[in-house]
Amino acid sequence: MNKKNSHINPSLDTEYVLKEAEKLVSRQLDHSHRRRFLKQGLTLGGLAMLTGCDISDNSSVESALTRISGMNDRVQAWLFSGQLLAPVYTESQITRPFPFNAFYSEDEAPVIEAADYKLAVSGLVADKREWTLPMLYQMTQVSQVTRHICVEGWSAIGKWGGVPFADFLKLIGTDLNAQYVSFKCADDYYTSIDMATALHPQTLLALTYDGEPLPRKYGFPMKLRMPTKLGYKNPKHIQVIEVTNNYTGGYWEDQGYNWFGGI
């Protein structure tokens, strides 16, 4: 995944800058049918009215986009249902090979020794002990065949197996009224999600892919699999899980992507 270019040339005339701003917002909004009413209501004048910004220069356009993105996150959170399931598919529909995707090349994916792996948990949880892979493998496992949807415009169907994240959070005595669950990963990636998504029945601590231990390129030894979220919200090579009321952002979110990231 390539970084977005968030800089707009200040020498461009205002009309062109506003049109470019509309394109950026539209790309973010178009990933969910549920949010299309926001896109349809966005006009050059509407951008200013919705944000209260003087959109005549680069900094004001960036401010406007940030406010629109925040509004988009709030609407998605309001629309999100903790029980509404993403579509599931048959194994015959699995995309083979399932694509590799990251902000680095496949041969740069972290190499983690299974015997040395320990998952750290912190924050608003009662049990802060570290978890080894054998401990995680002993928990009840489920599987799902669901679609991964990338913000870049492609999608693929895969079979993921692992521990329902809600079961894990309850087992470690999580404060389920906390606002966020954040993740730090071995590839220096980080992100955070809302508690409602963390408790969704299809959110998995994925330990396997297509019935085999999770391959390195897909996030060994563990990734978070959320078919209700866009791909960049699904962290790989997870090392630390923190339950918190402090907003911690994310690798792509801190560069302008929507934080909620729902599909």
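Quick note: the coordinates plus some simple rules give every number you see, no bench work behind them. This one's a predicted model, so the numbers in the text were calculated from it and none came from an experiment. We place every Cβ from the backbone using ideal geometry, glycine too, and count neighbours over all the protein chains shown.
Per-structure values
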read-out: Under 5 Å, built H, 5+ apart or other chain: amide partners of Met222; value: His237, Ile238
read-out: Shape category assigned to segment 185-238 from the gyration tensor of Cα positions, a/c cut at 1.5; value: oblate
read-out: Segment Ser105-Asp167, length gained on full extension (0.36 nm per residue, minus Cα span); value: 19.0 nm
read-out: Separation in nanometres of the label points that stand 7 Å from Cα toward Cβ, at Lys118 and Arg147; value: 4.2 nm
read-out: Ranking of Val163, Val111 by count of other Cβ atoms within 10 Å, fewest first; value: Val111, Val163
read-out: Chain lengthening between Leu85 and Gln138 when straightened (0.36 nm per residue, less Cα-Cα); value: 16.5 nm
read-out: Cα-Cα over 20 Å, subset of Lys184/Lys233; Lys170/Lys217; Lys118/Lys184; Lys184/Lys229; Lys159/Lys223; Lys128/Lys229; value: Lys170/Lys217; Lys128/Lys229
read-out: Burial order of peptide ranges 97-109, 237-249, 189-201 (average beta-carbon count within 10 Å, highest first); value: 189-201, 237-249, 97-109
read-out: Residues with amide H under 5 Å from that of Asp210, placed H, sequence gap 5 or more; value: Lys159, Trp160, Gly161
read-out: Rounded if a/c under 1.5, otherwise prolate or oblate - segment 91-255, Cα gyration tensor axes; value: rounded
